[in-house]
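Chemist: Below is the structure I would like to discuss, written out as structure tokens.
The values are calculated or read from the model by the stated rules, or taken from the named source; none is laboratory data. Quantities reported herein were computed from a predicted structural model and do not represent experimental measurements. Cβ atoms come from the backbone with ideal geometry, glycine included; neighbour counts cover every protein chain shown. Ligands, DNA and RNA are excluded from the accessible area calculation, which covers all protein heavy atoms including side chains. Shrake-Rupley method; radii C 1.70, N 1.55, O 1.52, S 1.80 Å.
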Amino acid sequence: MRLFRRQFVVARLPVFVVAAWLVVAVCTAAFPGRLASEAARRPAMTLPASAESSRVAQEAGGPAGGPPVVIVWEATSAGRLDKKAAQRVLGGLPRSVGSPGAVTASADGRALVCVVTLADADDARLGPSLERVRKIAGSLPDSEARLAGPAAGQADLETSFEGIDGKLLVIALAAVAAILFLVHRSVLLPLVVAASGVVALTLCSAVLYALRSRGLLTVDGQVQGILSVLVIGATTDYGLLLLARYHEHAPEMSAPAAMRTAWRASWAPITASAATVACAMVALLLSALPANHSLALAGAVAMACCVLAALTFVPAAVLLGPRAMFWPRTPHSGRSGGRGWSLVTAVVERHARPVWTVGCALLAGCAALVVLLAPGGLPLGDALTAQAPSVRAQSALAAHFPAGIGSPAVVVADGDAARMRQRVEKTPGVARTEVVTTRPRTTLAATLDSAPDSERAQETIARLRAAMAGRAQVGGYPAQVYDMQQAAERDRTRVLPAVLVIVLLLLLGLLRSLALPVVLVVVAVANFLAALGISAAIFDLAFGSAATEPSLVLFSFVFLIALGVDYNIFLMHRVRRESLLAGQRIGTLRGLRATGNAISSAGVVLAVTFATLTVMPLRYLAQIGIIVAVGVLLDTLFVRPFLVPAFTLDMGAWLWWPTKPAAGPRLGGVGEQRSQPEMARA
């Protein structure tokens, strides 16, 4: 009776697992939308309290309330605009909305400008407040009113992210389903694998929302977009790799036995792969920017959800209908890899040294294009589309006034106010300076002659700090942008080495070798540099410039090193097992042929998933999507099938030291069938 109950539970286990996931999906279905709504209201720029601009903000404070918005009027008729009339119009602005400053006229009288400090710093009320300001400012006759400044830019960012999470999810899932259909030629299987990504995403969103509610992390629109494609792509990849192993055993075993065998052979490399990505993202905790800390924690949660869905939902769903799942095709042994992989293995075996030497030369040539990249920062006007209202308003502002008006640099100093003002005004790039207060310390507002988030403004801040060194501190919005760029550059020297060390340690534990993990890490770095160079050329062609944010290199490095090593983990984990049975040469070629289709299709899926980031409204996110997609394709279609196995064959058994795979025959044994005990051990 006890045996009967046990067999009944085991037979019904897939039903229980799928039912449990469906309950989880229903209970967490609303959380991706909730998290996206919260993320759209979160400013992307946060600085540590130790930054100079943060200290100035804490000491000098600023106008009470929310961020400033700059109203720019341009004349629509032949006459000059009336400054007093504009001031009277702004007198109708309720105090509950904002406090207007003095109206300033341009030299030709064809434009007016006024800085309004919003009364409320709540992001949820930013849109309605700006709409009220826009409506009142638009009542000035014979003029067109536009809104510029930090508040208007933030509002445009929020608007651009509205509804983008749903669009991104639909595009990513459609791309995944289409590729899976082309690869497996089945109707239900693509839906099951795509569904695994959906349930992983809903669970991940629910966990992140709970952590956000407890104040443990904040999620902005950029983090939301990156995590969405990462969860969909990684879960799909792991599901595909598990199913590939199932395909090998399905023709020779019952469906439950084949799935158990596939699960036992796959869980270790899948878990190691996810741990590599998670630990690489945890290295972002070394960053000086608080926003990166949130991404580190969110990334670890995301990878845990990916592994859980891939190792439970996918096998359970397949076992509910193992024949119908692959209809109209039937599972066949994928051990041979097909004619294409027979050709690849033949080329790699016969020309191992030319393959990896030419491959290294090609990677070096692509990496040389990195000089095109300009990671000096993207002004808001370049980050958003040219049609964004705040971008057009900033252009109108720069045409008639100093571009930095409304977002001055704030200088806090001890000493005579007149002398400090004179020193600040002499700094190149400062258009004008005014004294804000002299108690308890002298505070000056320095209006720059360039947009506050431009590269020229950053150079002005650097000169201003050099001129005031030891005498004053420089803050304000332009200084915040400068500190952000400096922190991102310093992060590269901290996080990048940490990621390499973490990945290397994980590979040492998985492959039980000292030399091979070092080789794989070096290859991953070369692949990253090549992808960065190719992407820089694409940016120059597609956007007219290869300018980008400094943090782009950091994020791209974390993703590409971790994801690139992922595929080599699957390859070399299989190669190691095969080599212990048949020797290194035969084991390498067998491992390449056995994993070729699965890893290649998984890589294409992941690349296409990340490429969907190009639909995001920020150029920065589109650039991340392009770099990761190029890097994954380069690794999947070139580095992993050619360069790594060719180097492994050419270098010999010392790569596996201190383990020693047995010597084996040449290619003649690659295609032969193994005995059942051998297959069970593999």
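Chemist: How much of the DSSP bridge set in the chain is antiparallel, in percent, rounded to the nearest 5?
Modeler: Numbers: 35 of 36 bridges.
Here the antiparallel bridges make up roughly 95 percent for the chain.
Chemist: If you don't mind, there's one more thing I want to ask. What would the Debye formula give as log10 I(q)/I(0) at q = 0.17, 0.22 Å⁻¹ for the alpha-carbon point model of region 152-262, no solvent?
Modeler: -0.89, -1.19
Chemist: Restricting to DSSP H runs of at least four residues, report the calculated mean residue ellipticity at 222 nm for the chain, -39500 (n - 2.57) per run over all residues, nearest 500 deg cm²/dmol.
Modeler: On the way: 26 runs with 433 residues, N = 682.
One gets -21000 deg cm²/dmol as the mean residue ellipticity at 222 nm.
Chemist: A follow-up question, please. Express the accessible area of region 225-367 per residue in Å², computed with a 1.4 Å probe while the remaining protein chains stay in the model. Spell out each step's value before the answer.
Modeler: On the way: 5140 Å² over 143 residues.
Accessible area per residue, region 225-367: 36 Å².
Chemist: Show me, for region 509-515, the HN-Hα J-couplings you get by feeding each phi into the Karplus relation (A = 6.51, B = -1.76, C = 1.60, θ = phi - 60°), rounded to Hz, glycine and proline as x.
Modeler: x, 7, 8, 6, 9, 9, 6
Chemist: Let me ask something else. In Å², and per residue, what accessible area does region 373-490 have when probed at 1.4 Å with the other protein chains present? Numbers along the way, then the final one.
Modeler: On the way: 5100 Å² over 118 residues.
That works out to 43 Å² per residue.
Chemist: Here are a few candidate values for Rg/Rh (Cα atoms, Kirkwood Rh): (i) 0.96; (ii) 1.01; (iii) 1.06. Which one was actually calculated from the structure I just gave you?
Modeler: (iii)
Chemist: Then there is this: Could you give me the ³J(HN,Hα) list for region 218-234, computed from phi with Karplus coefficients 6.51, -1.76, 1.60 and θ = phi - 60°, whole Hz, x at Gly and Pro?
Modeler: 10, 10, 9, x, 5, 4, 4, x, 5, 5, 4, 6, 5, 5, 4, x, 5
Chemist: Going by a ≥ b ≥ c, the root eigenvalues of the Cα gyration tensor, does region 72-216 fall in the rounded group (a/c under 1.5), the prolate group (a/b larger than b/c) or the oblate group?
Modeler: Prolate, since a/c reaches 1.5 and a/b exceeds b/c.
Chemist: Considering amide H positions built from the backbone, and no H for Pro or chain starts, which residues 5 or more places from VAL187, or on another chain, come under 5 Å of its amide H?
Modeler: Amide H neighbours of VAL187, under 5 Å, 5+ apart: TRP327.
Chemist: Let me ask you something else. Which one, LEU230, VAL424, SER450, is farthest towards the positive end of the dipole of the chain when Lys and Arg carry +1 and Asp and Glu -1 on their Cβ?
Modeler: Of the listed residues, the answer is LEU230.
Chemist: Relative contact order for region 388-495: what is it in percent, counting Cα pairs under 8 Å that are at least 6 residues apart? Kindly include the intermediate steps, with their values, before the conclusion.
Modeler: On the way: 169 pairs, mean separation 31.9, N = 108.
Across region 388-495, relative contact order equals 30 percent.
Chemist: Counting only heavy atoms of protein chains, what accessible area per residue, in Å², does region 75-206 have with a probe of 1.4 Å? Display every interim value, and only then the final one.
Modeler: Working: 5930 Å² over 132 residues.
Here the residues of region 75-206 average 45 Å² of exposed surface.
Chemist: By a straight-distance test (C-alpha under 16 Å), which aspartates and glutamates pair with LYS167 as possible cross-link partners, with residues fewer than eight away in the same chain excluded?
Modeler: Cα-Cα hits under 16 Å: GLU158.
Chemist: Separate question: Just order 15-27, 341-353, 517-529 by mean Cβ neighbour count inside 10 Å, highest at the front, would you? Before the final figure, lay out each step's value.
Modeler: Numbers: 15-27: 14.5, 341-353: 17.1, 517-529: 21.2.
Ranking the peptides 15-27, 341-353, 517-529 by packing returns 517-529, 341-353, 15-27.
Chemist: Further, regarding this structure: Using each residue's phi in region 342-355, evaluate 6.51 cos²θ - 1.76 cosθ + 1.60 at θ = phi - 60° and report the 3J(HN,Hα) Karplus result to the nearest Hz, with x for Gly and Pro.
Modeler: In residue order, the calculated couplings are 5, 5, 4, 5, 5, 5, 5, 5, 7, 10, 4, 5, x, 5 Hz.
Chemist: For the chain, which whole percent of the accessible surface, found with a 1.4 angstrom probe, sits on carbon and sulfur atoms?
Modeler: Working: 17130 of 27860 Å².
That share works out to 61 percent.
Chemist: Given H placed 1.01 Å from N in the peptide plane, which residues other than close sequence neighbours of SER450 have an amide H under 5 Å from its amide H?
Modeler: When sequence neighbours closer than 5 places are left aside, the close amide H contacts are ALA403, GLY404.
Chemist: If you don't mind, another one. List the Cys residues of the chain that have no partner Cys with a C-beta closer than 4.7 Å.
Modeler: Lone cysteines by the Cβ rule: CYS27, CYS114, CYS279, CYS306, CYS360, CYS366.
Chemist: Same structure, new question: Can you tell me the order of 230-242, 303-315 when each peptide is scored by its average per-residue count of other Cβ atoms within 10 angstrom, highest first? Write out the running numbers ahead of the final one.
Modeler: Details: 230-242: 28.5, 303-315: 24.1.
Packing proxy ranking, top to bottom: 230-242, 303-315.
Chemist: Counting only residues 5 or more places away or on other chains, whose amide H sits under 5 Å from the amide H of LEU217 once H atoms are built in the peptide plane?
Modeler: Amide H neighbours of LEU217, under 5 Å, 5+ apart: ARG212.
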